[in-house]
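Asker: Please see the structure below; I have some questions.
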Amino acid sequence: QVHLVESGGGLVQAGGSLRLSCAASGSIFRINAMGWYRQAPGKQRELVATITSGGNHNYADSVKGRFTISRDNAKNTVYLQMDSLKPEDTAVYYCNAGVIPAFSEYEYYYWGQGTQVTVSS
């Protein structure tokens, strides 16, 4: 089975920084795109940032210039560096990855359990 394990969430003051990590493990043949989503209480889950296997990245307008997504393919890990955090960044952050499991023909999307990020004003 494939699992995504997240870490790095916490409580910070506005203007502070956090770095989230998400490591994929299990019977993996290949990982394609990876990304981060977030969901605040009472709101829809939204895309934050994505990165392809080749390192191309894309960001939501609300985080451009403040967040940086990166990955270490050798470790099957994706990171989200969050700088200049704002109270409106408060949410549960979820890792997502497009994975081709071992001995499979198809890509499946897997989700991490989520990690809480709270930014105080």
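Values in this text are rule-based calculations from the coordinates and carry no lab data. All figures in this text were calculated on a predicted structure; none of them were measured in a lab. Cβ sites come from the backbone with ideal geometry, for glycine too, and all protein chains shown count toward neighbours.
Asker: Which of 48, 29, 112 sits farthest toward the positive end of the charge dipole of the chain, with +1 on the Cβ of Lys and Arg and -1 on the Cβ of Asp and Glu?
Answerer: Positive-most Cα among the choices belongs to 48.
Asker: If you take the square roots of the eigenvalues of the alpha-carbon gyration tensor of the range 59-121 and sort them as a ≥ b ≥ c, do you get rounded (a/c under 1.5), prolate (a/b over b/c) or oblate? If you can, show how the numbers build up before the last one.
Answerer: Values: a/c = 2.74, a/b = 2.14, b/c = 1.28.
Cα axes put the range 59-121 in the prolate bin.
Asker: Calculate, for residue 107 and residue 61, the FRET efficiency according to 1/(1 + (r/R0)^6) with r their C-beta to C-beta distance and R0 41 Å; round to the nearest 0.05. List each step's numbers first, then the result.
Answerer: Numbers: r = 27 Å, r/R0 = 0.66.
Working from the Cβ atoms, E equals 0.90.
Asker: So what are the three principal axis dimensions of the range 19-65 from its Cα atoms, in whole Å, longest to shortest?
Answerer: Principal-axis extents of the range 19-65 (Cα, largest first): 36, 23, 19 Å.
Asker: What percent do you get for the relative contact order of the range 1-105 when only Cα pairs under 8 Å and 6+ apart count? Numbers along the way, then the final one.
Answerer: On the way: 212 pairs, mean separation 38.2, N = 105.
Relative contact order here is 36 percent.
Asker: Using Stokes-Einstein with the Kirkwood hydrodynamic radius over Cα pairs, what translational diffusion coefficient do you get for the chain at 20 °C and a viscosity of 1.002 mPa s, in µm²/s rounded to a whole number?
Answerer: Taking Rh from Cα pairs, D becomes 148 µm²/s.
Asker: For the chain, what proportion of DSSP beta bridges, expressed in % and rounded to the nearest 5, is antiparallel? All intermediate terms of the calculation are to be shown ahead of the outcome.
Answerer: Values: 42 of 46 bridges.
The antiparallel fraction comes to roughly 90 percent.
Asker: Want the number for residue 47 to residue 3: 0.36 nm per residue separation, take away the alpha-carbon distance, what's left? Present the calculation step by step, with values, prior to reporting the outcome.
Answerer: Details: separation 44, 0.36 × 44 = 15.84 nm, distance 2.00 nm.
Full extension from residue 47 to residue 3 adds 13.8 nm.
Asker: Once you charge only the Cβ atoms, +1 for Lys and Arg and -1 for Asp and Glu, what is the size of the charge dipole of the chain about its Cα centre, to the nearest 20 debye?
Answerer: Details: 10 positive and 9 negative charges, 28 e Å.
It works out to roughly 140 debye.
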